[in-house]
Amino acid sequence: MIERDKIRRDGLVDLTFSLPADIRGPISVVGDFNGWDPYAHPMTPDANGMHTAVVPVPPGTSVCFRYLAHGGIWMDDPEADAYDNRGGIVHVPPAAADGEPAMPAGAAAKTMGAANAADAKQNRKVKA
């Protein structure tokens with residue numbers, strides 16, 4: 001799971017990477033944000049037992065990442081925005097005028113698509 005937080009006072013956005021508790025041994029999130037260093041962002045268990053790591057990144061950037069588990073096992077995150085030959089890619093939207101991260105383009109399109117579909121359905125009911 002990948003969560004994008006609000007913009008911090010220092011202008012960065014925290015990305016929280018999470019994996020299920022059933023994965024055994026040490027796990028790290030590695031990527032171009034840390035030079036693919038497996039020691040830079042080790043994941044630690046949270047209150048629910050999930051493995052988590054928080055990585056601060058600038059808004060308006062895209063970062064490539066993978067998870068590295070015990071024994072040299074590489075894992076991709078199914079919630080990544082895209083993938084390339086290096087792993088998953090997360091797009092961090094630029095800041096909006098109010099300082100909040102802007103809604104990713106795909107999310108806006110999905111929201112508008114759902115709203116338009118609901119409107120069309122409502123219009124059919126009214127006409128019937």
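Only residues that are surrounded by 13 or more Cβ atoms within 10 Å (Cβ to Cβ) and in contact (Cβ under 8 Å) with a residue 40 or more places away in the chain were counted in the range 51-75, giving 12. Can you go through Arg24, Arg8, Arg66 and tell me which one is of a type in the set (Lys, Arg) and modelled with pLDDT of 90 or more? Being of a type in the set (Lys, Arg) and modelled with pLDDT of 90 or more holds for just one of Arg24, Arg8, Arg66, which is Arg66.
The values are calculated or read from the model by the stated rules, or taken from the named source; none is laboratory data. None of the values given here were measured: they were computed from a predicted structure. Here Cβ is always computed from backbone atoms with ideal geometry, including for glycine, and neighbour counts include all displayed protein chains.
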